1. Quick check on this structure: which one of 87, 149 is surrounded by fewer than 18 Cβ atoms within 10 Å (Cβ to Cβ), touching a residue at least 40 places away in the same chain (Cβ under 8 Å), more than 14 Å from the chain's Cα centre (by Cα) and over 30 Å from residue 15 (Cα atoms)?
2. Which of the following residues is part of a helix (DSSP H, G or I) and farther than 28 Å from residue 37 by Cα: 136, 142?
3. Suppose we filter 130, 96 for residues that are surrounded by 15 or more Cβ atoms within 10 Å (Cβ to Cβ), outside any loop (DSSP other than H, G, I, E, B) and at pLDDT below 95; which single one remains?
4. Taking the criterion of being outside any helix (DSSP H, G or I) and more than 15 Å from the chain's Cα centre (by Cα), would at least one residue in the range 65-84 satisfy it?
5. Any residue at all in the range 91-105 that is in contact (Cβ under 8 Å) with a residue 40 or more places away in the chain and under 10 Å from the mean Cα position of the chain (by Cα)?
């Protein structure tokens, strides 16, 4: 082990090896699920010694936690930045919702395998998911509440409507990456294609007009 780690002394080399392990893990997790994928299979696909998975992540559970946290940290950063940019640009409330949705869909397209895997894992009931809900998902709800307060301050007078709008908006953004087969087979939309974002945003823009009662801009 010490001899092998010496070969990874170059920081750039180590970074590339770590990224290779992550890529292989996501590919295999999407194909066979987390429980159906072994550390040995990940190491074999990545072409590295199995000990490297433990070295970088502390094992398969550590790899899972790393992937989940990485997704949400990036996702929430994009959401927060896009909301600020939308506010600075001005425009109608509907256009702000579309702008943020666009940024989040771009993020999920960029990290397609990671997005699919995380969304699927979040449907499970386990300790890690509960911990994520207590941290990342509560921050997500806070950011979305702020966004909707900017879009329609009057909505805060009806908490039930505000919460329901947040739930709908969030589900519209995440659903394509949780259920890509449904969209592809029923609506002929493929989330991995570049044209998907343009076409799908039409639905969100229409929703902003009808449900939120805002002009789309």
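1. Criteria check complete, one pass: 87.
2. Numbers: 136 fails: farther than 28 Å from residue 37 by Cα.
Exactly one of 136, 142 is part of a helix (DSSP H, G or I) and farther than 28 Å from residue 37 by Cα, namely 142.
3. Of 130, 96, the one residue that is surrounded by 15 or more Cβ atoms within 10 Å (Cβ to Cβ), outside any loop (DSSP other than H, G, I, E, B) and at pLDDT below 95 is 96.
4. No; the residues of the range 65-84 include none that is outside any helix (DSSP H, G or I) and more than 15 Å from the chain's Cα centre (by Cα).
5. yes
Conditions (1) modelled with pLDDT of 95 or more; (2) assigned by TED's automatic domain parsing to the domain that holds residue 151; (3) on the phi < 0 side of the Ramachandran plot; (4) in contact with a strand residue (DSSP E or B) (Cβ under 7 Å, 6 or more places away or on another chain), marked per residue:
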residue	(1), (2), (3), (4)
10	no, no, yes, no
32	no, no, yes, no
35	no, no, yes, no
74	yes, yes, yes, no
80	yes, yes, yes, no
89	no, yes, yes, no
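The values are calculated or read from the model by the stated rules, or taken from the named source; none is laboratory data. This is a predicted model, so every value here is computed, not measured. Glycine also receives a Cβ, built like all others from the backbone with ideal geometry; neighbour counts cover every protein chain displayed.
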